[in-house]
Structures are given as structure tokens and as C-alpha cells.
Amino acid sequence: MGRKLEKKEIQKQKNDFIGQSQAECNFVSVNFLNLFNELLAMSGILVLQKRHRYDGIPATYIPPVVLKSMRDETIEKFGFQKRMSPGTIDHVMNTLTEFRDDVINTLDAEYRLLSLAKSVSGPERNVIRAVASLLSEMKDVDVKCISESHLISSFIHPFMKSLFAIEEPNKIAHCSNILQEGSDLGKRPDYVVDVTERYQFSFVSCIGEVKADFTSDALATMDFYRLALFAKEMLEK
């Protein structure tokens, strides 16, 4: 009963917010409800952030306690927070420490981690393989400013492929930067994981944007919101 009342109250606050925004803004040629849904898709990122005390979000409509409650409920529902077993973590950390200290070389470190990956299953295996995929790029040198292309090809691709596609024969992880099939946004994500069915493209399960360290905060923020719109569009296809 309490949950139903809470949902009704949230719906009422949403409707009040839309009504007030329509009254204060002179939207003539814009379907405000569609615009609101776009904004809602972007603000949905906030639900998964640990931070919840934002000055820019009207506490009248979305108080910090509600943001925190939404995040906690979402994480609990979908089981985002999964942890490795302590023994597996110790094995990985010991291997990386010996690799860092030059006790073992790249090949030995990769062999240890892949052997460990073979002994486990599910997300643990994927995470271990993702760590192993980066060892060949871990060099103790001072590098110049890394470009997006370098970052994607040497670090992002092997890591993401190991996490989301390497164990799945019907998933293809790739550097994209091309218009997505059926997309209405006219934008190109930097990284995509495609899912196929009966040998043909079916849908996108993962979308990524990449920004180098020298990128301005404004451009990084724009990509942050683009991800929300990409994800919303892919979910609606």
C-alpha cells in the first residue's frame, strides 16, 4: 500500500513539474512531452550515481533522499554490485604485484591470469581476462599525450571485448564511430557491442564514448548526455 502511494506521489510530482515548465516556457513548435522524455533519459544517469546531493536539481520535485532511494532500489533489483571471491582477488593482485616488480614477465603474468580465468566462470572470468588483456600495454615509460585512437585501439577495445563479448559467440565488440543502423540522432558512438541472431545483426547491447585526458569538461559532459540518448534510442528500437 505504501509503495503504491509513493508511486502516485512521484507521478503527481512529475506532472506538476511538466505543468510548471510548460507554463514558464513558451514552447510553440516543440512537443514538450517528448522533450521531457529526452531529458528524463539523460537525468536517469543520476539514478546510478552514488552522489545524490545536487544543487541543480529542484529538491521540491526530486529531493536527495529520493535520488538515493532510487539508486539503491535499482542496484538491488538488477544486482549490479557483484564481487569476486577473496581468493580470486588475492591471486590477481599477487600476479599484478609480481609483474609490476619485474619478478615475472608479461607472458608469465598473462599465463597465470588466464589459468585462473579457466578455473572460474561468469563475470569473474570476464574481469580476469579483461585485466590480462591490458598487461602488454603496461609499460614503465613516459608517453606523450595519448590520442583517442590510441586509447581505443590499445586499451578500450581489448578491455571491453573481454568484459562483454569474448565469451559470447553472437556478440561482436568493435570500435565504431559510424552511424548506427536505424539511428535518428545523426551521431556516431565511439564503441559498440552488437548482438546477432541467426547470423544477422539484431540489437546493440553496449555503447561507449571515449575522451582523451586533454578533453575539456564541456565536451566530456556532452558525451555523457549523448550516451543517455544513444541508450534510450537503442532500447526503443
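All of the numbers you see were taken from the coordinates with simple rules; none came from a lab. No experiment lies behind these values; they were computed from the predicted model shown. Virtual Cβ from ideal backbone geometry, glycine too; neighbours counted across all protein chains shown.
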Sites ARG53 and ALA220, calculated FRET efficiency, Cβ-Cβ separation with R0 30 Å, nearest 0.05:
0.90
Whether segment 82-237 is rounded, prolate or oblate, judged on the alpha carbon gyration tensor where a/c under 1.5 counts as rounded
oblate
Hey, what do the phi angles of segment 124-133 turn into as Karplus ³J(HN,Hα) couplings, whole Hz, using 6.51/-1.76/1.60 and θ = phi - 60°, x for Gly and Pro?
4, 4, 4, 5, 5, 5, 5, 5, 4, 5
Label point distance in nm, ARG188-LYS171, each placed 7 Å from Cα along Cα→Cβ
2.5 nm
Ranking THR97, LEU134, LEU116 by how far each Cα lies towards the positive end of the charge dipole of segment 83-142 (+1 on Lys and Arg Cβ, -1 on Asp and Glu Cβ), the top one is LEU116
Using a simple spin-label model with points 7 Å from Cα along the Cα→Cβ vector, what separation in nm is obtained for TYR111 and ARG198?
4.6 nm
Take ARG100 and GLU137, extend 7 Å from each Cα along the Cα→Cβ direction, and tell me the distance between the two endpoints in nm.
1.9 nm
Near LYS118, within a Cβ-to-Cβ distance under 13 Å, what is the net charge of the other residues, with Lys and Arg +1 and Asp and Glu -1?
0
Cross-link list LYS82/LYS139; LYS82/LYS161; LYS77/LYS171; LYS50/LYS82: which exceed 21 angstrom alpha carbon to alpha carbon?
LYS82/LYS139; LYS77/LYS171
Summing Lys, Arg as +1 and Asp, Glu as -1, what charge do residues with Cβ under 15 Å from the Cβ of LYS82 carry, LYS82 excluded?
+1
